[in-house]
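The values are calculated or read from the model by the stated rules, or taken from the named source; none is laboratory data. In this text, all values refer to a predicted model and were calculated from it rather than measured experimentally. Ideal geometry is used to build each Cβ from the backbone, glycine not excepted, and the neighbour counts take in all protein chains shown.
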Amino acid sequence: MNHYEKFEGVIGRTVDESTPWWPEPRRTVKDSPNVVVILFDDLGFSHFGCYGSTIETPNIDRLAAGGIRFSNFHTTTLCSPTRACLLTGRNHHTVGMGMISGMTNGYPNRRGNITRHAATIAEMLREEGFATFCVGKWHLAQTADTSTAGPFEQWPLQRGFDRFYGFMQGEIDQFYPQLTYDNHYVDPPYGPEEGYHLTEDLVDKSMEFIRDLKSVRPDRPFFLYLPFGATHSPHQAPPEFIEKYKGRFDAGWDEIRRTWYENQLKMGIIPEGTELAPRNKSVEPWADLSENQKRFALKLQEAFAAFLDHTDHHIGRFISFLEEMGEMDNTIIILTSDNGASQEGGVTGMMDEAMYFLGVGQDVDEVQSRINEIGGPHSHSNYPWGWAQVGNTPLKWYKQNTFGGGVRDPLIIHWPGYINDKGGIRYQFHHVTDIVPTILELLDVEARGSYCGYDQIPISGTSMAYTFDAPDEKTRKDPQYFEMLGHRGIWADGWKAVTYHRSGAPYTDDEWELYHLDEDFSECHNLATENPEKLREMIELWWIEAGHHGVLPLDDGRNRFAQEGRFRPGTPHQHGYYVYYPPITRVPTAAAPAFGARSWTMTAEVERADKNQDGVIVAHGTQNTGFSWYIKDGRLVFDSNALAKHCVVRSDKLVPVGKSTLGAAFTWADNQGTITLLINGEECGAIQVPSTIRTHTTGMSIGRDSLSPVTDDYDAPFPFEGTISRIEVTHQPYRSEEDERTDGEARHRAEQARQ
């Protein structure tokens, strides 16, 4: 017969006439190193202590002291695109992730998935015999595909990872996370009342996966991808860490930024002569803020610092675990961030970050009564632009922008016994696409031309391994483009051209700036006027690189609010009709109905054996934003929670015992809504709702309020004690493309005006 797998023995009529042969085991040699990639979220260039900050990060600093730091390392300026580059070694547009995974536009560069023609490093290393684990944030699958209905082809287990524990979308509540284990949703093991925090859980699970492997197969190396939720909003940490930073930043962002800048100069993480970039537009001098503005901003910064410190603490636990397992010296650790510090807290900072995306300003005076909640389970906060620029010291602008503050990030590589220049700093220009080829070179693995039957796009990154023993060698990196939401940039041979794009404006109106980065680290001296020929050369190079790497067509995302979470054409729910058959597992936001500024109706067929059977029918969202529809004390209740402002209606009659059909109807007109309750088709209560919010990060639970409780009217999860046999939801169909585009443009204009 034909043997489809390689066999080098001899097969005769019997085993006595045959010669056995076994294939060589893959990567089971004793000294094959493990690889750990730790990824922070929305963390700026200067946030680590070893990059100049006064936030305590002793364990990360320890990795830097035993390895090398890169001061000229770059990302894509946004989360999903950077992750696509980090895992594939190709540029983000090339692999279909030109924007975050939920915002697709029908073109190959914005599919919201990584093409199968670009294998992940997990797929590559699994073929070499590595055990592969992903623990943390994924954000690399179209949002409509992240429910337990799938399809699962872009989930971690289908993209090369043997085991997964974490969350599928972009941000998450650290106390009440919507968790996924392998290919299904799970509840957190315990709640914040018992001390739960996601970061600790992720480190615990990472250690569990490694312990499971090494206890049974100590000969197998592992690849662990550990992308924390930290330090993306919401900035949440245990109270003892928040208390630790009380008063630490009272000097204000101008003085703190100056201190961090001076620290950077002293430690050499920035070149001698580097200037501190001026305050970004709309960042006011600290001295000009009101006392309430200062008080609010300080609480937000203290929560961020606590979040980072707490994450560092658990990285320390993980390091100690590797040492106890005898694996630390044989493990390559790569630690970085996905983009610069976030601008999504606006001018003042936000108690609930959703306000920023909705164009709702924060009333700093009104929020004073709640500032002690910041950092805890009742907040979803993000800090203001002033503190974000401190995190990007000495650079300007932020996440989303292609200036230094958006694209320059810390990078630490630690490998005992193989990195001799311990504590060294490397100044060569490099990019996140360079991580995969670096790993491959260190492991002596050659990428294949085909994985899983798919011919492969060539890896575009450049290995950084040459820098380990050559601190002064010129960078080997070829030209590198940048593009995000129409913001563009190009680096080549020490020069950078960059432009800030205003959404909706013609690209020909963009004003390009020119910087000689080899002499101007912080992009303070625009040479466009005095060197127009060089600028033209760089702009032409950008168009060449854009064409080569699939950046076109340009899309500045002016209708991105309409695109997020939208079902693709032809999917069953695009016409606004849903049917659920409880009990079912949690429904993530993108797969849930589009509750928000549109009319909708919801009905539930329930059965109660007695009058005391109460509980939640449907809960959607969190204690900051969402709604809960439930029965309490025998009455039907609807609580609409818009940024912690509750509108509650209770039925004027009891829900009958036995079978009944319950309803909640929302009518939206003239920018206000009305909720009407129905029992067996008869109206039994109504209330006006002055505002409603479409975006919820936690998704929908049926028959219980699973995570962050929407209301304090009951003790969550408050499961329904009767039977729910069917739930139907109908809402208005999605609006036309033109309506969605107009709405998106209006939101974008408001966003740009704030800047």
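Here are some notes:
- Candidates N105, N113, filtered to the one that is out of contact with any helix residue (DSSP H, G or I) (no Cβ under 7 Å at 6 or more places or on another chain) and surrounded by fewer than 24 Cβ atoms within 10 Å (Cβ to Cβ): N113
- Looking across the range 487-503 at every residue that is part of a loop (DSSP other than H, G, I, E, B) and in contact with a strand residue (DSSP E or B) (Cβ under 9 Å, 6 or more places away or on another chain), the one that is surrounded by the fewest Cβ atoms within 10 Å (Cβ to Cβ) is identified as G494.
- Screening V283 on (1) over 21 Å from D201 (Cβ atoms); (2) among the aliphatic types (A, V, I, L, M); (3) out of contact with any helix residue (DSSP H, G or I) (no Cβ under 7 Å at 6 or more places or on another chain); (4) surrounded by 16 or more Cβ atoms within 10 Å (Cβ to Cβ) shows it passes everything except condition (3).
- Residue within the range 548-566 that is touching a strand residue (DSSP E or B) at 6+ places or on another chain (Cβ under 8 Å), part of a helix (DSSP H, G or I) and either under 30 Å from P108 (Cβ atoms) or modelled with pLDDT under 95 (or both) present: yes
- Restricting attention to the range 84-109, the residues that are assigned to a loop (DSSP other than H, G, I, E, B), among the β-branched types (V, I, T) and modelled with pLDDT of 95 or more total 2.
- Pairs meeting the criteria (first residue in the range 618-637 and farther than 21 Å from A591 by Cα, second residue aromatic (F, W, Y), beta carbons under 6 Å, at least 6 apart or on different chains) are V637/Y630.
- Between L442, L411, the distinction of being aliphatic (A, V, I, L, M), modelled with pLDDT of 95 or more and assigned to a helix (DSSP H, G or I) belongs to L442 only.
- Whichever residue in the range 36-69 is in a loop (DSSP other than H, G, I, E, B) and polar (S, T, N, Q) and, among such residues, is surrounded by the fewest Cβ atoms within 10 Å (Cβ to Cβ): T54
- Test: residue in the range 212-228 that is closer than 17 Å to E171 by Cβ, crowded, with 21+ Cβ neighbours inside 10 Å and out of contact with any Ser or Thr (no Cβ under 7 Å at 6 or more places or on another chain): yes
- Selection status of L517, modelled with pLDDT of 95 or more, in contact with a Lys or Arg (Cβ under 9 Å, 6 or more places away or on another chain) and assigned by TED's automatic domain parsing to the domain that holds G494: yes
- Of all the listed residues (D434, D469), the sole one being touching a residue at least 12 places away in the same chain (Cβ under 8 Å) and either touching a helix residue (DSSP H, G or I) at 6+ places or on another chain (Cβ under 6 Å) or assigned by TED's automatic domain parsing to the domain that holds L276 (or both) is D434.
- The residues of the range 379-402 that are assigned to a loop (DSSP other than H, G, I, E, B), touching a Ser or Thr at 6+ places or on another chain (Cβ under 9 Å) and over 30 Å from D510 (Cα atoms) amount to a single one, S381.
- When each of Q428, Q400, Q389 is tested for being surrounded by fewer than 22 Cβ atoms within 10 Å (Cβ to Cβ), in contact (Cβ under 8 Å) with a residue 12 or more places away in the chain and under 24 Å from the mean Cα position of the chain (by Cα), the lone residue that passes is Q400.
Residue-by-condition table, conditions (1) in contact with a His (Cβ under 9 Å, 6 or more places away or on another chain); (2) under 28 Å from E128 (Cβ atoms); (3) in the same structural domain as S320 (by TED's automatic domain parsing):
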| residue | (1), (2), (3) |
| --- | --- |
| F7 | no, yes, no |
| T14 | no, no, no |
| W22 | no, yes, no |
| P25 | no, yes, no |
| F45 | no, no, yes |
| S71 | no, no, yes |
| A84 | yes, yes, yes |
| N91 | yes, yes, yes |
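- Applying the condition of being polar (S, T, N, Q) and at pLDDT 95 or above to the range 613-643 and asking which residue is surrounded by the most Cβ atoms within 10 Å (Cβ to Cβ) yields S628.
- Residues within the range 263-272 that are in contact (Cβ under 8 Å) with a residue 40 or more places away in the chain and surrounded by 14 or more Cβ atoms within 10 Å (Cβ to Cβ), tallied: 6
- Checking each residue in the range 242-272 for being within 30 Å of N526 (Cα to Cα), small (G, A, S) and out of contact with any helix residue (DSSP H, G or I) (no Cβ under 8 Å at 6 or more places or on another chain) picks out only G268.
- For the range 1-30, filtered to residues that are at pLDDT below 90 and touching a Gly at 6+ places or on another chain (Cβ under 8 Å), the residue that is surrounded by the most Cβ atoms within 10 Å (Cβ to Cβ) is R27.
- Some residue of the range 200-217 being outside any loop (DSSP other than H, G, I, E, B), within 21 Å of H380 (Cβ to Cβ) and among the acidic types (D, E): yes
- For the range 578-604, the candidate set comprises residues that are within 28 Å of P690 (Cα to Cα), among the aliphatic types (A, V, I, L, M) and part of a loop (DSSP other than H, G, I, E, B); within that set, the residue that is nearest to the chain's Cα centre (by Cα) is A592.
- Matching strands (runs of 3 or more DSSP E) fully within the range 673-731 where at least 2 residues are modelled with pLDDT of 95 or more: 682-689, 723-731
- So E344, is it in contact (Cβ under 8 Å) with a residue 12 or more places away in the chain and over 23 Å from E243 (Cα atoms): yes
- Within the range 298-311, not a single residue is free of Cβ contacts under 8 Å to residues at least 12 places away in the same chain and within 29 Å of the chain's Cα centre (by Cα).
- Answer residue from the range 184-211, given it is of a type in the set (F, W, Y) and crowded, with 17+ Cβ neighbours inside 10 Å and is nearest to the chain's Cα centre (by Cα) among those: Y185
- If you filter the range 127-148 down to residues that are assigned to a loop (DSSP other than H, G, I, E, B) and of a type in the set (S, T, Y), you find that the one that is surrounded by the fewest Cβ atoms within 10 Å (Cβ to Cβ) is T148.
- Every pair of residues 6+ apart whose Cβ atoms lie under 8 Å, when the first sits in the range 273-287 and is within 13 Å of H525 (Cα to Cα) while the second is in a loop (DSSP other than H, G, I, E, B) and among the β-branched types (V, I, T): L276/T393
- Put simply, of S379, S342 the only residue that is buried (at least 24 other Cβ atoms within 10 Å of the Cβ), among the small types (G, A, S), in contact with a strand residue (DSSP E or B) (Cβ under 9 Å, 6 or more places away or on another chain) and modelled with pLDDT of 95 or more is S342.
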